[in-house]
Amino acid sequence: MNSQSEDSLAVRAQACLDKGDIVQAGILFEELRSSEPNNADAWLMCGALLGESGSVNDAIAYLETAIQLKPTYPEAHLTMAHLKQADNKIEEAYDHAKLAVDLDASYDEAWVFLGAACIELSYFEEAECACREAISRWPENADAHLNLATALCYLGRHDEAEPMIRQAVNLSGGTLPSVDALLGRVLIGTGAYDEAEGHIKSALNIAPDDITLLINFANIKVGLHEYHEAVNLFRDITNREPESEDAWIGLGSAFQGLYKMKDAEKCYQKAYDLAPSSLPAAYNLALLMQSKGEFHTAINLVEEMLAQYPGQLDLIGCLASNFEQVGEYDRAINAIVQALKQSEKSIQIAKVYQKLCIKLEQCSEAEDYLKATLESVVMNPEERAMLHFCLGELYDKQETYDLAFEQYQYANQYKVENYEHSLYSKYVDEVISTYSTSAMSGFPQSKQQSSQPIFIVGMPRSGTSLVEKILSSHSAVYGAGELRNIIDLTENFTGFTNVHSTYPTGIEHLAQNDVDMMAGQYIDFITGISSGAERVTDKMPHNFQYIGLIKQLFPNAKIIHCVRDARDTCLSVYFQNFIGFHPYSNDLDDLARHHLDYQRLMQHWGKLEIPMLEVKYEDLIDDQTYWSKKLISYCDLEWEDDCMRFYEKGEQTRTASYDQVRQPIYTKSIARWKNYEKHLAPMLDVFSGNVIL
């Protein structure tokens, strides 16, 4: 066949393609290939049409010939890339796409494909570069924008990803089917949980059984602090997909939000067992071990992960934080010294660096790092709040109180939660009504005669940690920290009474066997964790809500009520980044009203003449010897001099006060509120006219 006939065949074949007549185009291209076996274009087109028809293996063979005939043919390499992708050979697809752009740097379509291939291979930094190149050469391509958003999302830069997604939607005319799923994920990363929920729901309408979407939806519930619903959702997911590491991590985070640390630990451990080389699984488990005070376990776990992920900043920060909490400051500083020189910042390193700089009196260095981290790192609202709390503490230590309060305000604005103080007041009314003087005498009292439990109650930041530390310095006392057990008992009345009821109204349904069983469960638990110690302290502050029940369950238990100037207490609560559910703590007005309700309830318990020792924080600070001996005597123990040197004991407090109770008693925290008086009008106005403790 002469060249004129071959040109005519090519023109006719292309015309058929333009009209959509794929079959006739294939016949004509095949005729051209047969007549001119060295025509790389003909091999390319025949292969491409075979691929369109689903004959991928035959198509690949044709493309191999085309590339052999013309190795520098970028279009052939891109077509081969598409075929390799269809054959699930992503690395080979990536290699051919890379060759295509190397051969023709202006090949916009190849840059789009390369970006997508890099994402599939988790080459996210390279994906970002390829996608940006594609957009610069083909700015109206929606896929390039969506691919860039996906890469940025995987890189944790959710704030940059969001506008790219919206641009992709605009360019596509709203026809991108995967956009809701991706936008929902991006919004989760930026902490915009309400908006994310709508997009994930839309995606679930199309794919209701998609596990990734279901996990994202459950994670939104965690972000919205709807922990009970999140637990139910994640339980359903783990039943469907018991091998899903992400689902077990999510369930752990939901339990952690409910302060159910034992359940959270089981979930994180399950995720770690499923994927021992997984950074998220190990990292979450290490953080939980740290929160439980098992610092050396956390250190070992993080060091194992650093062997796999050397230089990973959050792991380095976690390691240094654990060293700091066990008092190994040199090791903590050595762990982060190289990371501090990097341009990339880390939330974990910022947090531990702040602690170390306060100890070393180098606050300005930590201030710079914290500010740079806030400016450069994408983080959720909880993380941003934490760093503002850290900055507030730095300024407080430097006695720049206006700057400190400004940072604490920012922090609490990021943590604000729905709190209706009228509902809590109603709850306190119900407790008081349930435990009236006449009703109390008729409630069953447990036959449990153990004097093992010591309950330390009061508002958070009222001295409960200090009291526990003094007591647990005694050889007969085990400091158990803040136990959820009493709270869990009140949430599970149905499991005892078979009546759907809750605390406090459910109290009237408790029979003798119920209170005996509840008391036995608690005693068995504290005996187990303390190896049978003679006394065990439970310093969950809000157990003040359950003193009537505690008296029913443990007639011989000791109850210690910690009291502190209400203004100092509320200020300290406002300045504290709590782990767990304290929705009243982020607004000064709510805080003051919550404190008044707490006082009201404690006054009611006093009227019932329930025996307890009241310890005023200021008195304890003023005369440590007298009050330490009084505490030990109240608990029916013999005095030991170690109780005066509580800060020397090696065990670590696991709550927010951990650093303070490792030091001798100090007086700076008394009347601290006066440093901030001009900022405290919302709190002081509520207290005005009320008698406050």
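Please treat every number below as a calculation from the coordinates, not as lab data. Because the structure is a prediction, the values reported are computed rather than measured. Note: ideal-geometry Cβ built from the backbone for every residue, glycine included; neighbour counts use all protein chains shown.
Each stretch of four or more DSSP H residues adds -39500 (n - 2.57); spread over every residue of the chain, this sum gives -20000 deg cm²/dmol at 222 nm.
Quick check on the exposure proxy: order His509, His228, His582 from fewest to most C-beta atoms within 10 angstrom. Kindly include the intermediate steps, with their values, before the conclusion.
Numbers: His509 15, His228 12, His582 19.
The fewest-first ordering by Cβ neighbours comes to His228, His509, His582.
Each Lys and Arg contributes +1 and each Asp and Glu -1, all at the Cβ; summed about the Cα centre of the stretch 3-187, the dipole is approximately 260 debye.
At a Förster distance of 22 Å, what's the computed FRET efficiency of Lys668 paired with Glu361, Cβ-Cβ distance as r, to 0.05?
On the way: r = 15 Å, r/R0 = 0.67.
With a Förster radius of 22 Å, E is 0.90.
Positive end of the dipole of the chain (Cβ unit charges, origin at the Cα centre): among Gln521, Leu121, Ala59, the Cα lying farthest that way belongs to Gln521.
Which order do the peptides 604-616, 384-396, 161-173 come out in when sorted by mean C-beta neighbours inside 10 angstrom, highest first? Mind showing how you got there, number by number?
Details: 604-616: 16.1, 384-396: 22.5, 161-173: 18.4.
My ranking of the peptides, most packed first, is 384-396, 161-173, 604-616.
Projected label points at Asp524 and Lys201, each 7 Å from Cα along the beta carbon direction, are separated by 4.3 nanometres.
Relative to the current alpha-carbon distance between Ser122 and Lys678, full extension at 0.36 nm per residue lengthens the span by 194.9 nm. With semi-axes √(5λ) of the Cα gyration tensor in Å as the read-out, I listed (1) 63, 27, 23; (2) 46, 29, 26; (3) 37, 30, 28; which label goes with the value calculated from this structure? This structure yields the entry labelled (1). Close amide H partners of Ile559, meaning residues 5 or more places away or on another chain with modelled amide H under 5 Å apart, are Phe455, Leu613. Dipole check for the stretch 276-415: with +1 at the C-beta of Lys and Arg, -1 at the C-beta of Asp and Glu, and the Cα centre as origin, the magnitude is about 260 Debye.
List the pairs from Lys397/Lys539; Lys469/Lys630; Lys426/Lys674; Lys270/Lys355 whose alpha-carbon separation is above 20 Å, in the order I gave them.
Those over the limit are Lys397/Lys539; Lys426/Lys674; Lys270/Lys355.
Peptides 457-467, 367-377 ranked from most to least packed give 457-467, 367-377, packing being the mean of other C-beta atoms within 10 angstrom over each peptide's residues. Projecting the Cα positions of Thr505, Ala411, Leu319 onto the charge dipole of the chain (unit charges on Cβ atoms of Lys, Arg, Asp and Glu, taken about the Cα centre) puts Thr505 furthest along the positive direction.
Site pair Glu508 and Leu279 shows an inter-label distance of 5.7 nm when each label is modelled 7 Å from Cα along Cα→Cβ.
Taking N as the number of residues in the stretch 3-187, what value does Rg over Cα atoms divided by 2.2 N^0.38 Å take? Computed over Cα atoms of the stretch 3-187, the ratio equals 1.15.
Basic side chains Lys and Arg get +1 at the Cβ, acidic Asp and Glu get -1 at the Cβ, and with that the dipole of the chain about its Cα centre reaches some 2640 debye. Annotation: peptides 73-85, 296-308, ranked by per-residue average of other Cβ atoms within 10 Å with the highest first, follow the order 73-85, 296-308. Ranking Tyr353, Leu301, Ala372 by how far each Cα lies toward the positive end of the dipole of the stretch 276-415 (charges on Cβ) leaves Leu301 at the top.
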